[in-house]
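Colleague: Below you will find the structure I want to go over with you.
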Amino acid sequence: MKLATLADGTRDGTLVVVSNDLTQCTTVERIAPTLQAALDNWVECEPKLKSVAETLAYGSQPSARFHEREALSPLPRAYQWVDGSAYVNHVELVRQARGAEMPESFWTDPLMYQGGSDTFLAPREPILMDTETCGIDMEGEVAVITDDVPMGATRDEALKAIRLIMLVNDVSLRNLIPAELAKGFGFLQSKPSCAFSPVAVTPDELGDAWKDGKVHLPLRVDYNGKPFGRADASVDMTFDFGTLVAHAAKTRKLSAGSIVGSGTVSNKLDNGPGKPIDEGGAGFSCIAEIRTIETITTGKPQTDFMKFGDTVRIEMFDPQGKSIFGAIEQEVQGTN
């Protein structure tokens, strides 16, 4: 089942069920007016929504054309957004570039931060900044939306609480991060609003691509219209989503509608740093990673962070070549 939220002039938009090929949709106000409302009563709403999805697939459900550009993030705002760093390779590279050792605990205890969740960007909404000097970067990720998760949930319990999966562009302002982290309180200004894919899907929609709490498919990141990243979301993922959700719920329960991110999808190459696609590697899901590798190999970064007018497209395809979640496609623009 695929779900989306269409803009309707309100904060939370209108929930729609979307066809598998992302061409048609139908409103479901009689079941749940918004995605959060559906998540709040998932046990009752899910079978009704699935029934709509089935009739939509058979063409026996009234529908309208689905346009990704009209979609908001599936949850335009959420009670909680926490982002992990499941691909420890990414963390290791960043620390290596600045000459810092990697604590052994990073391989057994996930890193995670709590981000702002009161406003998310729509998947086709521009990234607005008043200056290019803040080090604008994209981060291609996978995220899950949970049902209620009890405090102290085990990995298996947490895995069973995952209701939906989607993609993320976790926008980062790299030049603001060092000063914020030096304060010891974590990110704030360096993590502006992020954007999620037009469509969120139930885990069963992925078939064999969803197993062991991971999505076993490449994440496609195009930068200014050219292939930039093709990292497999299941490879080098140290912590699966069950582990990440359980980590977030260790000392508090999570409310239905909580979003947990994977962190930047990152693959090694022959047990070493990755390489650009045109050099035989899987590329990168953010600019910071290629800059760290450039620093390690040449002594200084060569790739600039994003400038006004630059674009990023993040998407994932099934084995038949069909887009699963729709595309996040954003341009960096100045506020003036």
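The values are calculated or read from the model by the stated rules, or taken from the named source; none is laboratory data. What you are looking at is a predicted structure, and each value in this text was computed from that prediction instead of being measured. Because the Cβ atoms are built from the backbone with ideal geometry, glycine has one as well, and the counts that use them run over all protein chains shown. To get the accessible areas, we keep the full protein, side chains included, count just its heavy atoms, and leave off ligands, DNA and RNA. Shrake-Rupley method; radii C 1.70, N 1.55, O 1.52, S 1.80 Å.
Colleague: If we scan region 197-209, do we find a residue that is in a loop (DSSP other than H, G, I, E, B), more than 30 Å from residue 51 (Cα to Cα) and among the small types (Gly, Ala, Ser)?
Modeller: no
Colleague: Now for a separate question. Hey, can you tell me all the residues within region 138-164 that are buried (at least 24 other Cβ atoms within 10 Å of the Cβ) and over 18 Å from residue 255 (Cβ atoms)?
Modeller: The answer is 138, 139, 140, 141, 142.
Colleague: Find the residue count for region 174-202, including only residues that are open to solvent by 10 Å² or more (accessible area, probe 1.4 Å) and at negative phi.
Modeller: 17
Colleague: Confirm whether residue 303 is closer than 16 Å to residue 94 by Cβ, touching a residue at least 12 places away in the same chain (Cβ under 8 Å) and surrounded by fewer than 17 Cβ atoms within 10 Å (Cβ to Cβ). Talk me through it step by step, then tell me what you get.
Modeller: Values: closer than 16 Å to residue 94 by Cβ: yes; touching a residue at least 12 places away in the same chain (Cβ under 8 Å): yes; surrounded by fewer than 17 Cβ atoms within 10 Å (Cβ to Cβ): yes.
Yes, satisfied.
Colleague: Considering region 244-299 alone, what residues qualify as being charged (D, E, K, R) and either open to solvent by 10 Å² or more (accessible area, probe 1.4 Å) or part of a loop (DSSP other than H, G, I, E, B) (or both)?
Modeller: Across region 244-299, the qualifying residues are 250, 252, 253, 268, 270, 275, 278, 279, 291, 294.
Colleague: Report yes if residue 70 is touching a residue at least 12 places away in the same chain (Cβ under 8 Å), touching a Lys or Arg at 6+ places or on another chain (Cβ under 9 Å) and surrounded by 15 or more Cβ atoms within 10 Å (Cβ to Cβ), otherwise no.
Modeller: So residue 70 passes the test.
Colleague: Right, something else. Among what's in region 306-336 and is open to solvent by 50 Å² or more (accessible area, probe 1.4 Å) and of a type in the set (D, E, K, R), pick the residue that is nearest to residue 90 (Cα to Cα).
Modeller: 313
Colleague: Testing residue 21 on (1) open to solvent by 50 Å² or more (accessible area, probe 1.4 Å); (2) in contact (Cβ under 8 Å) with a residue 60 or more places away in the chain; (3) closer than 27 Å to residue 161 by Cα; (4) not in a loop (DSSP other than H, G, I, E, B), one condition comes back false. Which one is that?
Modeller: Going through (1) open to solvent by 50 Å² or more (accessible area, probe 1.4 Å); (2) in contact (Cβ under 8 Å) with a residue 60 or more places away in the chain; (3) closer than 27 Å to residue 161 by Cα; (4) not in a loop (DSSP other than H, G, I, E, B) one by one, residue 21 breaks only (4).
Colleague: Check residue 32 against each of (1) in contact with a Lys or Arg (Cβ under 9 Å, 6 or more places away or on another chain); (2) farther than 22 Å from residue 207 by Cα; (3) assigned to a helix (DSSP H, G or I) and name the one condition it does not meet.
Modeller: Exception for residue 32: condition (3).
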